[in-house]
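Asks: Handing you this structure, nothing more for now.
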Amino acid sequence: MDFSLSPEQLMAQKMVRDFSQKEIAPIIKDYDRKQEPIPFMLKRMGELGILGICFPVRYGGQGMDYLSLGLACEELEALDTALRVAMSVHTGLCGMTLLQWGTAEQKRRLLTPLASGAKIGCGAFTEPGMGSDVAAMQTSARREGDVYLLNGEKMWISLAGVADYALVTARTDALAQKPSQALSTFLVDLNSPGVTRGNLHGKLGVRAGSTGWIAFQDVQVPLENRLGHEGEGFKITMSAFDHGRYTVASGATGLIRASLVASVAYAHERQAFGKAIGEYQLIQQKIAQMAQDYEVARLLYWQVGWMKNQGQRPTLQTSYAKKFATEASFEAANQAIQIYGAYGFSDEYDPERYLRNSRGAIIYEGSSEIQTLIQAGYALGEREDKPLRCELPAYDETFWQEN
Amino acid sequence: MKIVVCVKQTPDSEAKLTAQNGQPSWGDAPLVINPFDEYAVEGALQQKEAVDASVTALCIGPEAARDALKHALAMGADEAILVSDPALEELDSAGAARILAAAIQKIGDADLVFFGRQTIDNGTGLVPAQVARVLGWPLLSLVGAMTVEGAEIKVERTIEEGKQIARAKLPAVLSIMQSVGEPRYPSFMGIRKAGKATIPVWTLADLGIAAPAQAVWRAELLNPPAHDSHCEIIKADSPEAIAEALVEKILAEKVL
Ligand SMILES: Cc1cc2nc3c(=O)[nH]c(=O)nc-3n(C[C@H](O)[C@H](O)[C@H](O)COP(=O)(O)OP(=O)(O)OC[C@H]3O[C@@H](n4cnc5c(N)ncnc54)[C@H](O)[C@@H]3O)c2cc1C
Ligand SMILES: Cc1cc2nc3c(=O)[nH]c(=O)nc-3n(C[C@H](O)[C@H](O)[C@H](O)COP(=O)(O)OP(=O)(O)OC[C@H]3O[C@@H](n4cnc5c(N)ncnc54)[C@H](O)[C@@H]3O)c2cc1C
């Protein structure tokens, strides 16, 4: 077993860390406080190749492996969750799903501009009336000749306001026997006539990121933008979650690290009853827990990255990683606030932002309850991975890096 | 056109230097490319883009110093060379300059040699001038902007009074200031190239020279004396009594 990172992975990690430290750290508090997306964030992440880190060069990507995607997410969320959310929806939900399910022609035409960062993608599954119960979605796509007419509304969509494309799952067959056979997935150009969208305000966290709604009224989606076959939408959406959850898990690992680093620094510095608070065992206990959780979370997402590289489907392992890291990141931020005392309660310091940012990830991309159901399903033998018509291709360095 | 850029590996800028038994210790600080040398690489890459030059990064150091060279490759340098030899463990700056000059000559046909303004560990800032001296080439120090014009280079030097424009004939040696511009991030393409690059290691035998005799010895390193100050608040019933107690203390301490 080899747990060492390659020189490429280490350099990529450092590059992403330097970018967040130099360009985002000085301004993040302002944008979070103003509840405004950082205006240059996506542009810079695109220019630097971060948005396309793990896609083959021939499709506009940077040719790195899937573990590098996780490493980048850890670095980004160690700075702020808004950075990582962009990776989750653009790179994870949208790009990786295109890489898995797209035809060669679709990958050339649709993945290339996304992987290069020229266009921004998002993933639109949740609706005002449903989130967890994917098979119950109401947005419909009716085929008329060479186009589908899309109608309905998607809600709580990250990057809704700024994305050029959305991966949208909709109902194509009102009469399907099994609800899971009723859905199909499309890459929808959000500049098409009939698309309206807006931002949601008043969020608890990820305030420097954009979250919104998208409404479709008789939006024409060309046949060639349907991903997979008609009726494969449920499976495709589950694949999208495998990818998105991996980025959420690795990002939350970075958030644990951020709380840990902040806590250690403060515990050395702050004096109470004549000593640094870090000398008290009750504070040490909190810090030890964060350190342990960071290690576990990291091992869990590395395992997923490794499995993806090998071409194995890590649905269960991703679920473990996602649930563990997101819950631990909330607890780590909570304890970091405790260590900071009253200062932890102030937005002059980072831990309160970490706490607010950590909360959403326990809900989105499959809530903790849904993850528990998945894990129980595997454990009880009620669930197993059947082969998919299209699996995520194993990482092949030569193929990835050839033009 | 060929540019050689000399980079050293140093502890990162947040590392703290302490003296341990008279020897420098940087604790377990990560080793990185000397931060000032990143500006030198940036300057070289700007010229690469401006005049279609090739850039070779050059370092004297142990095996681990490959990482500093890889950083330069990932930023966009074309090649890297490590000079490493057990006989080079105790080098003074003139010695380092001799080795660098020999390596630059072995690389051959260099038009420009770029340096950082100084290292953040030893930090004499002498090496660029000494290399220029050994090579017999002109030195332009503390350079911000630069343009190659035919067989000459025109530079803007940062001096206390403002800026100075200077020119020199090629080949020339330059030491680069931060005003050249923020060093670029490594690109992923650069990172992949750097990860796969084989970096040749040259020994003294490859350079065909003996280990330079050491003229300067670093004898001992001392931490600054620890400040031992304490504060005492004189309490008494009246201002007069406080003043009296204070005067007594001052006299007792022989301050007056
Ligand atoms: C900041 C943020 C960003 C988001 N970004 C996106 C995005 O980019 N794209 C997108 O499509 N969606 C996005 N979402 C939506 C998110 O994926 C959904 O909120 C999530 O799937 C849960 O759905 P819901 O909110 O409708 O909750 P519901 O499904 O209504 O669930 C409500 C509660 O019931 C629980 N529950 C549901 N079913 C069961 C069950 N069977 N057993 C036990 N408990 C159950 C849930 O866990 C939850 O606690 C985002 C949400 C947030 C907060
Ligand atoms: C007795 C003694 C023992 C020493 N032991 C060590 C030791 O164990 N390890 C150690 O690192 N130093 C050691 N030094 C310091 C070493 O002599 C200097 O690091 C070296 O001479 C360069 O000087 P400088 O760092 O002051 O470079 P500066 O003159 O400040 O550097 C200016 C520029 O020169 C270039 N440059 C400098 N050094 C190199 C290099 N090695 N490779 C490529 N380019 C370079 C860079 O572009 C740099 O920005 C020792 C010195 C003495 C006297």
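Asks: Suppose we filter region B:11-29 for residues that are of a type in the set (Asp, Glu) and within 19 Å of the chain's Cα centre (by Cα); how many remain?
Replies: So the count comes out to 2.
Asks: Give the number of residues within region A:129-150 that are closer than 14 Å to residue A:170 by Cα and not in a strand (DSSP E or B).
Replies: Count: 9.
Asks: Given the residues B:43, B:27, B:76, which is the only one that is more than 19 Å from residue B:199 (Cα to Cα) and more than 14 Å from ligand 2 (Cβ to nearest atom)?
Replies: None of the others qualify; the one that does is B:27.
Asks: Search region A:151-167 for residues being more than 9 Å from ligand 1 (Cβ to nearest atom) and assigned to a loop (DSSP other than H, G, I, E, B), and hand back the single one that is farthest from the other protein chains (Cβ to nearest Cβ).
Replies: Only one residue tops the list, namely A:161.
Asks: Have a look at B:19, B:50, B:64 and point out the one that is within 14 Å of chain A (Cβ to nearest Cβ) and open to solvent by 20 Å² or more (accessible area, probe 1.4 Å).
Replies: Just a single option satisfies the conditions, and that option is B:64.
Asks: Does residue B:84 count as under 14 Å from the mean Cα position of the chain (by Cα) and touching a residue at least 12 places away in the same chain (Cβ under 8 Å)?
Replies: Considered against the rule, which asks whether it is under 14 Å from the mean Cα position of the chain (by Cα) and touching a residue at least 12 places away in the same chain (Cβ under 8 Å), residue B:84 comes out as no.
Asks: With the requirement that a residue be within 14 Å of chain B (Cβ to nearest Cβ) and open to solvent by less than 40 Å² (accessible area, probe 1.4 Å), what does region A:26-52 give you?
Replies: A:45, A:46, A:48, A:49, A:50, A:51, A:52
Asks: Which ones in region A:272-320 are touching a helix residue (DSSP H, G or I) at 6+ places or on another chain (Cβ under 8 Å) and part of a loop (DSSP other than H, G, I, E, B)?
Replies: Residues of region A:272-320 that are touching a helix residue (DSSP H, G or I) at 6+ places or on another chain (Cβ under 8 Å), as a first pass: A:276-278, A:283-284, A:286-287, A:289-291, A:293-294, A:296-298, A:300-309, A:313-320.
Correct list: A:313, A:314.
Asks: Based on this model, can you work out whether residue A:114 counts as touching a residue at least 40 places away in the same chain (Cβ under 8 Å) and either among the aromatic types (Phe, Trp, Tyr) or away from chain B (no Cβ under 14 Å) (or both)?
Replies: yes
Asks: Could you list, in sequence order, all residues of region A:346-374 that are open to solvent by less than 40 Å² (accessible area, probe 1.4 Å) and farther than 25 Å from residue A:124 by Cβ?
Replies: A:346, A:351, A:352, A:353, A:354
Asks: Could you list, in sequence order, all residues of region B:121-179 that are crowded, with 19+ Cβ neighbours inside 10 Å and in a loop (DSSP other than H, G, I, E, B)?
Replies: B:137, B:171, B:177
Asks: Please work out which residue is surrounded by the fewest Cβ atoms within 10 Å (Cβ to Cβ), limiting yourself to region B:68-96 and to residues that are aliphatic (A, V, I, L, M) and away from chain A (no Cβ under 14 Å).
Replies: B:87
Asks: In addition: Counting just the residues of region B:230-256 that are part of a loop (DSSP other than H, G, I, E, B) and open to solvent by less than 100 Å² (accessible area, probe 1.4 Å), which one comes out farthest from residue B:86 (Cα to Cα)? Reasoning before the result, please.
Replies: Start the filter on region B:230-256 by keeping residues that are part of a loop (DSSP other than H, G, I, E, B), which leaves B:230-238, B:253-256.
Subset that is open to solvent by less than 100 Å² (accessible area, probe 1.4 Å): B:234, B:236, B:238.
Working: B:234: 62, B:236: 68, B:238: 72 Å.
My answer is B:238.
Asks: Given the structure, is residue B:212 away from every other protein chain (no Cβ under 14 Å) and either in a loop (DSSP other than H, G, I, E, B) or open to solvent by less than 50 Å² (accessible area, probe 1.4 Å) (or both)?
Replies: In short, yes.
Asks: Another one. Condition test on residue A:84, is it open to solvent by 10 Å² or more (accessible area, probe 1.4 Å), modelled with pLDDT of 95 or more, part of a helix (DSSP H, G or I) and not assigned by TED's automatic domain parsing to the domain that holds residue A:225?
Replies: no
Asks: If you don't mind, there's one more thing I want to ask. Mind checking which pairs have a first residue in region B:97-118 that is over 11 Å from residue B:60 (Cβ atoms) and a second that is open to solvent by less than 10 Å² (accessible area, probe 1.4 Å) and within 16 Å of ligand 1 (Cβ to nearest atom), Cβ under 6 Å, 6 or more apart or different chains?
Replies: none
Asks: Mind checking whether some residue in region A:378-385 is surrounded by 15 or more Cβ atoms within 10 Å (Cβ to Cβ) and within 14 Å of chain B (Cβ to nearest Cβ)?
Replies: No, region A:378-385 contains no residue that is surrounded by 15 or more Cβ atoms within 10 Å (Cβ to Cβ) and within 14 Å of chain B (Cβ to nearest Cβ).
Asks: Tell me, please, whether a residue that is under 30 Å from residue A:13 (Cβ atoms) and within 15 Å of ligand 2 (Cβ to nearest atom) can be found in region B:186-199. Step through it out loud before you land on a result.
Replies: Initial filter on region B:186-199 (under 30 Å from residue A:13 (Cβ atoms)): B:186-199.
Pick out the ones that are also within 15 Å of ligand 2 (Cβ to nearest atom) and you get B:199.
Checked region B:186-199: at least one residue is under 30 Å from residue A:13 (Cβ atoms) and within 15 Å of ligand 2 (Cβ to nearest atom).
Asks: Enumerate the pairs (first residue in region A:8-37 and in contact (Cβ under 8 Å) with a residue 24 or more places away in the chain; second residue anywhere and open to solvent by less than 30 Å² (accessible area, probe 1.4 Å) and among the basic types (Lys, Arg)) with beta-carbon separation below 6 Å, excluding pairs fewer than 6 apart on the same chain, so at least 6 apart or on different chains.
Replies: A:8/B:192; A:32/A:353
Asks: Answer with yes or no whether residue B:174 is over 20 Å from the mean Cα position of the chain (by Cα) and not basic (Lys, Arg).
Replies: Criteria not met by residue B:174.
Asks: Among the residues in region A:99-122, are any hydrophobic (A, V, I, L, M, F, W, C), near ligand 1 (Cβ under 10 Å from one of its atoms) and touching a Gly at 6+ places or on another chain (Cβ under 6 Å)?
Replies: Among the residues of region A:99-122, not one is hydrophobic (A, V, I, L, M, F, W, C), near ligand 1 (Cβ under 10 Å from one of its atoms) and touching a Gly at 6+ places or on another chain (Cβ under 6 Å), which makes the answer no.
Asks: For region B:29-110, please list each of the helices (runs of 4 or more DSSP H) lying entirely inside it that holds at least 2 residues being farther than 20 Å from residue B:201 by Cβ. Steps first, please.
Replies: Numbers: elements: B:35-51, B:66-75, B:93-107.
It comes to B:35-51, B:93-107.
Asks: Testing residue B:13 on (1) surrounded by 14 or more Cβ atoms within 10 Å (Cβ to Cβ); (2) within 14 Å of chain A (Cβ to nearest Cβ), one condition comes back false. Which one is that?
Replies: Here residue B:13 clears every test but (1).
Asks: Is it the case that some residue within region A:55-71 is open to solvent by less than 10 Å² (accessible area, probe 1.4 Å), under 22 Å from residue A:362 (Cα atoms) and away from chain B (no Cβ under 14 Å)?
Replies: Yes, region A:55-71 has at least one match.
Asks: Starting from region B:183-204, keep only residues that are more than 10 Å from chain A (Cβ to nearest Cβ), then list their pairs with residues that are surrounded by 17 or more Cβ atoms within 10 Å (Cβ to Cβ) and basic (Lys, Arg) whose Cβ atoms are within a distance under 7 Å, requiring at least 6 positions of separation or different chains.
Replies: Taking only residues 6 or more apart or on different chains, the pairs are B:199/B:66.
Asks: Quick one: would you say residue A:17 is within 12 Å of chain B (Cβ to nearest Cβ) and outside any loop (DSSP other than H, G, I, E, B)? Outline the logic, then answer.
Replies: On the way: within 12 Å of chain B (Cβ to nearest Cβ): yes; outside any loop (DSSP other than H, G, I, E, B): yes.
So residue A:17 fits the description; yes.
Asks: Hey, residue B:218 hits all of (1) part of a helix (DSSP H, G or I); (2) among the basic types (Lys, Arg); (3) more than 30 Å from residue A:400 (Cβ to Cβ) but one; which does it fall short on?
Replies: Going through the list (1) part of a helix (DSSP H, G or I); (2) among the basic types (Lys, Arg); (3) more than 30 Å from residue A:400 (Cβ to Cβ), residue B:218 breaks only (1).
Asks: Quick check: is even one residue across region B:176-197 touching a helix residue (DSSP H, G or I) at 6+ places or on another chain (Cβ under 6 Å) and either aromatic (Phe, Trp, Tyr) or at pLDDT below 90 (or both)?
Replies: Yes, region B:176-197 contains a residue that is touching a helix residue (DSSP H, G or I) at 6+ places or on another chain (Cβ under 6 Å) and either aromatic (Phe, Trp, Tyr) or at pLDDT below 90 (or both).
The values are calculated or read from the model by the stated rules, or taken from the named source; none is laboratory data. Keep in mind it's a predicted model, so treat the numbers as computed, not measured. All Cβ positions, glycine included, derive from the backbone under ideal geometry; neighbour counts span all protein chains shown. Surface areas here come from the heavy atoms of the whole protein model, side chains and all, with no ligands, DNA or RNA. Shrake-Rupley method; radii C 1.70, N 1.55, O 1.52, S 1.80 Å.
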